[in-house]
1. Go through (1) under 15 Å from the mean Cα position of the chain (by Cα); (2) not in a helix (DSSP H, G or I) one by one and return the number of the condition D143 breaks.
2. In region 85-99, how many residues are closer than 20 Å to W131 by Cβ and either touching a Phe, Trp or Tyr at 6+ places or on another chain (Cβ under 9 Å) or among the acidic types (D, E) (or both)?
3. I'd like to know if region 93-112 contains one or more residues that are out of contact with any Ser or Thr (no Cβ under 6 Å at 6 or more places or on another chain), in a loop (DSSP other than H, G, I, E, B), over 17 Å from N215 (Cα atoms) and not aliphatic (A, V, I, L, M).
4. State the number of residues belonging to region 133-143 that are closer than 21 Å to S110 by Cβ and surrounded by fewer than 19 Cβ atoms within 10 Å (Cβ to Cβ).
5. From the list R109, R87, R93, which one is within 21 Å of G194 (Cβ to Cβ) and surrounded by fewer than 16 Cβ atoms within 10 Å (Cβ to Cβ)?
6. Name the pairs: first residue in region 32-60 and at positive phi and modelled with pLDDT of 95 or more, second residue surrounded by 20 or more Cβ atoms within 10 Å (Cβ to Cβ) and among the hydroxyl-bearing types (S, T, Y), Cβ to Cβ under 9 Å, at least 6 apart or on different chains?
7. May I ask you to list pairs of residues, at least six apart or on different chains, whose Cβ atoms are under 7 Å apart, with the first in region 156-168 being under 17 Å from G246 (Cβ atoms) and acidic (D, E) and the second being modelled with pLDDT of 95 or more and surrounded by 21 or more Cβ atoms within 10 Å (Cβ to Cβ)?
8. Counting just the residues of region 191-203 that are free of Cβ contacts under 8 Å to residues at least 60 places away in the same chain and surrounded by fewer than 18 Cβ atoms within 10 Å (Cβ to Cβ), which one comes out nearest to the chain's Cα centre (by Cα)?
Amino acid sequence: MRLFAVLCWLLAFAAQPAWAASSPLLQSLERQLAWRISSERGDVGIAALDLRSGELVGVNADEAFPMASTVKIAVAANYLAQVEHGRRSLDDRIGGRSAARLIEAMIVRSDNHATDVLMRDLGGPKLLQTWLEQNGIHGLRVDRNIDQLLRSRRDLRDVRDSTTPRAMVELLRQLDSGRLLRPHSRSYLLGLMGRCVTGRNRIRGLLPAGTPVENKTGTLSGFTADVGFITLPDGRRVAVAFFARGGTNRPRTIAEAARAIYDGFVYAWRSSFAAAYSSP
């Protein structure tokens, strides 16, 4: 019986993503990112997860940062999951607007009022937190709605309404894999994230023209964030989370980190392909 339990544990472990940069080239990228942000006066948290291999590159990946408006991805996913179960509809009128319009405003333009209307309809922060935990997403806290968050005394180290970079990319991984949403709902949400108009000088800022990006930004006084997906030239997708607290020119820091991750993953893949092709 004990041997059976051990075998089950090993199988479960093997099914999980690697969650670490195992290749030397990605380890080099991780060191490069750590060196880049070491000169920043504030705190920077980074996680980048290759959704195909499960390798994760991280700097301060387990440190808690405010979520700010990046929580809106979870709000939208929770509502769409309710639609899939027949409990709600995108045509439902909530606060004078359809749910579809509210989700669009929340994701594309980061509308705070639309977010709070949807969150209230879902039962509030506590039920959103319960839904996340039921789906195995830990390290991400939802304690207040946006209005309450903005009215509270600002503390960028408050553990309320916070996430670690690792927890955020886990949310993104589950969204991409189809575990949280069915293909149609997933495509719907990613399509909205692809139209995000806020913070174009962050993840998108220094990437090559035409690089597909689906993202959601977050901003507070003294804090800047951007999370989402970057598609590489070979079609691989990387889930990324960037959080910058304090310091100066935080959008530029995020843009430079995003470009380093793009170049690092592209170089690692091309080097691996060349080595495999040239081997006897």
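1. The single condition D143 does not satisfy is (1).
2. Here the count works out to 4.
3. yes
4. Going through region 133-143 one residue at a time, the tally reaches 1.
5. Result: R109 is the single residue among R109, R87, R93 that is within 21 Å of G194 (Cβ to Cβ) and surrounded by fewer than 16 Cβ atoms within 10 Å (Cβ to Cβ).
6. N60/T164
7. Every condition considered, no pair remains.
8. G194
The values are calculated or read from the model by the stated rules, or taken from the named source; none is laboratory data. Just so we're clear, the structure is a prediction, and the values are computed from it rather than from any experiment. Note: ideal-geometry Cβ built from the backbone for every residue, glycine included; neighbour counts use all protein chains shown.
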